[in-house]
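Here the structure comes first, spelled out in structure tokens, and everything after it is commentary.
The values are calculated or read from the model by the stated rules, or taken from the named source; none is laboratory data. Since we're looking at a predicted model, the values are computed, not measured. Ideal geometry is used to build each Cβ from the backbone, glycine not excepted, and the neighbour counts take in all protein chains shown. To get the accessible areas, we keep the full protein, side chains included, count just its heavy atoms, and leave off ligands, DNA and RNA. Shrake-Rupley method; radii C 1.70, N 1.55, O 1.52, S 1.80 Å.
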Amino acid sequence: MAAFDFADPRVRHHRSLPPRDGTPGTWPEWLPAPVLEAWQRHGIETPWQHQTRIAEAAHAGWHTVAATGTASGKTLGYLLPVLAATYGGPEATGPLGSGTLRDHVVQPTRPHTALYLAPTKALAHDQLHTCENLGLPDWRVAAIDGDSEPAERDWARKHAAYVLTNPDLLHHSILPNHQRWAGFLRTLRYIVIDECHRYRGMFGAHVAMVIRRLRRLCAGYGAEPVVLCSSATVLAPDEVVGRLIGAESDEIVAITEDAAPRAARDIVLWQPTGHHDDETADLLADRVNAGRQAIAFVASRTMAEVVAVRARRECAHTVESYRGGYLARDRRIIEAGLKSGEIRGVATTNALELGVDIAGMDAVLISGYPGTRAALWQQAGRAGRSGRRALVVLVARNDPLDAYLLDHPEVLLDEPVEAAVLFPDNRYVLGPHLAAAAHEMPLGDEDAIWFGPTMVEVADELVTQGVLRRRPQGWFWTLPQRPHDAVDIRSVGGRAVEVIEADTGRVLGHVDPAMAHRSVHPGAVHLHQGETWVVDELDPQNATALVHREDVRFYTQPVSTARIDVITTERTRAAGRGEVHLGEVDLIGQVTGYLRRDERTGKVWDQTPLELPSTTLRTRAVWWTVPAPLLREAGLTRKMLAGAAHAAEHTAIGLLPLFAPCDRWDVGGVSTALHPDTGELTIFVHDGHPGGSGFAEWGWQRAEQWWRATHHRLVHCPCTDGCPGCVVSPKCGSGNQPLDKAAAAALMGVLLEVAGTTGGHGGERSSRPA
């Protein structure tokens, strides 16, 4: 059995993490005997201490968040109070709380109920499998989603004590039909929100509104459910969950001390000499050939298949791929093979990052930094669960963020994980959900407790728009259609664009309307379940994109123009020798064509023009202004300025995920040598969604650290004129022209009062989108 070669020159950093002993807890006294016996039949003699603390806090009536490591047993922690309430024991018939917004307490007609919410359908069905394996014949559990038959939903509504679903079905089906679910809601004791760190950005803002609407309706029926959240380790989990569920942090108990045992782990940062996915495949084969069981996390469904095929060619053992889009039966076969050890290697997307119960891996390989430290440690947590020393290898991409982490491993390994960014105050999100809430039950002034201090102002705006009607008792929905149907909680900006197979009319998927011109324009390559489809026609008015199946060896990249207008400046402060600002902006953009690039090398094949209308995105941005005297001090001529600003913008966007839990695709940028609203050289980085998603504000708060990291990457990248590891962006709308790496380093150096380099060149243009 070959040991891993830590002396390989591609190993940039190696750190050994010692093993950790577990700290046992005790079974709660209130746990029904049949439930205790069921867990013990599964080999769990006693819970770990943090599992006991989770269960006791929730049972005592506290909203609770368990923010411990992957595979630490959070499921058992939250299932103990849920089982006590929904299966048997004194909790099953005990009284509900009476502290509700409305005096409409209805006596329960069946034992307490509980609702489980997962970000994916697959995870809800995995939880169903866990519940069924306990072997409690009288525990009525049901998993329902958009694919469920009407009879399945009816049974769940009438009979199930524990319903497993997702926020989408809650929004589209349960809440608008809450009268039919009254028996379930009036007895609701617990709401379980699994993998709650996944609810960030715009999706998180939508889900936060859905949870508030659920809690509001429960209060109307006389129930005050306790919310239990499970999360990866995140910073300030009580504050994150408070924003998600609409509660103050002092109402929430955060369990963050992980008492489960952990095997020793070796953490390796690996700098490949070739493509990161290729070397991940080689490492996967190497570990499998060494007799180890290994998992490789890759960024896309397509590459999960490619990495598995390549690794399979290099070893004699079974290596599979695993990703979203597989049938449940196929997923179960792979999961069973991993548990039994028959499958020795697997290449997967983050589908196996979520709480799917698989046995411990001897090695975890991560192809490219996954965007946040929380995601990295979530994936790394798959290693070492069997008690044997394990290996975690991060294979770096050739981009600014991964390159910076190779130079600064302490940022990755010693810094705390990020807090999830939620921006539930986004008016583009709040407005549609207020309409939905009014449809469910008329809104009153007192509902600001759920929807925040801007509720009244936004509700009155909806009255002006003819969406709601104001009466002395509050705001009412009076239109014939359901407002819920106009809200896609996984997108923003209107009705999602349906991607339709032209020959059959089959709907393949949906695209956020704000991204349609960039992702499903005519000629675009659209990936669906590992297959390539080419767009024939985009019809924004009817929200459809017609596609045909075609195997191609290229991908497409939109070419666009953009300008940015400052609408309001909310905050300004000094940053270095310039100023940093936060406010609301309009981004006016137009897709003018697209590039075809080789799928392996990224080389441009050709460019095709398009005639599409311009679009306007009102969002939030952070921007830097640099006074003209500093530009002269840096030795930058007028001809250099556009390339300097553009290159600095690209590098900064690539590094923002170090300081905000996003990736570079969540934000965009525009730079200009002389902006008409500021009168100075200005670099904008904006949220990519209407109304903002909170990432720009994080950048504003951490501007100095962010720009110091930007300057460091510009100065220390070993390339001469710029590369994907520093200034070249994979999503630049102007084809990465002009870029001047040396001038960008000089610009950042003088701004931060750090010695920089000067020189280089760049063609002057007024504005450049990233």
List pairs: first in the range 65-77 and open to solvent by 10 Å² or more (accessible area, probe 1.4 Å), second of a type in the set (Asp, Glu), Cβ under 7 Å, 6+ apart or cross-chain?
Gly69/Asp258
Could you identify the single residue in Glu314, Glu320 that is at pLDDT below 95, closer than 19 Å to Lys339 by Cβ and open to solvent by 20 Å² or more (accessible area, probe 1.4 Å)?
Glu320
Selected residue (criterion: least open to solvent (accessible area, probe 1.4 Å)) from residues of the range 595-616 that are under 16 Å from His526 (Cβ atoms) and touching a helix residue (DSSP H, G or I) at 6+ places or on another chain (Cβ under 9 Å):
Leu610
Need at least 1 residues that are within 30 Å of Thr256 (Cα to Cα) and out of contact with any Phe, Trp or Tyr (no Cβ under 6 Å at 6 or more places or on another chain) per element, so show me which helices (runs of 4 or more DSSP H) inside the range 407-496 make the cut, counting only ones lying wholly within it.
409-413, 448-451
Residue count, the range 545-566 (criterion: farther than 21 Å from Lys731 by Cα and buried (at least 17 other Cβ atoms within 10 Å of the Cβ))
4
What is the residue count in the range 526-540 for residues that are open to solvent by 50 Å² or more (accessible area, probe 1.4 Å), farther than 14 Å from Asp512 by Cα and outside any strand (DSSP E or B)?
1
Checked Met361, Met303 against criteria (farther than 29 Å from Cys717 by Cβ and at pLDDT below 90); the one match is Met361
When every residue in the range 667-720 that is charged (D, E, K, R), out of contact with any strand residue (DSSP E or B) (no Cβ under 9 Å at 6 or more places or on another chain) and part of a helix (DSSP H, G or I) is compared, the one least open to solvent (accessible area, probe 1.4 Å) is Arg713
Those residues of the range 598-623 which are among the charged types (D, E, K, R) and over 27 Å from the mean Cα position of the chain (by Cα), in sequence order:
Asp598, Lys603, Asp606, Glu611
Here the residues within the range 1-30 that are out of contact with any strand residue (DSSP E or B) (no Cβ under 6 Å at 6 or more places or on another chain), farther than 29 Å from Gln51 by Cβ and open to solvent by 50 Å² or more (accessible area, probe 1.4 Å) are Met1, Ala2, Ala3, Asp5, Ala7, Pro9
Whether any residue in the range 101-115 is open to solvent by 50 Å² or more (accessible area, probe 1.4 Å), modelled with pLDDT of 95 or more and among the small types (Gly, Ala, Ser) is what I want to check.
no
Is there any pair with a first residue in the range 188-212 that is within 22 Å of Ala156 (Cβ to Cβ) and touching a residue at least 40 places away in the same chain (Cβ under 8 Å) and a second that is of a type in the set (Lys, Arg) and open to solvent by less than 10 Å² (accessible area, probe 1.4 Å) whose Cβ atoms are under 8 Å apart and which are 6 or more apart or on different chains, and what are they?
none
Flag if Cys723 is in contact (Cβ under 8 Å) with a residue 60 or more places away in the chain, open to solvent by 10 Å² or more (accessible area, probe 1.4 Å), over 26 Å from the mean Cα position of the chain (by Cα) and under 26 Å from Pro409 (Cα atoms):
yes
Ile449 versus (1) open to solvent by 20 Å² or more (accessible area, probe 1.4 Å); (2) touching a helix residue (DSSP H, G or I) at 6+ places or on another chain (Cβ under 7 Å); (3) of a type in the set (A, V, I, L, M): which is the lone unmet condition?
(2)
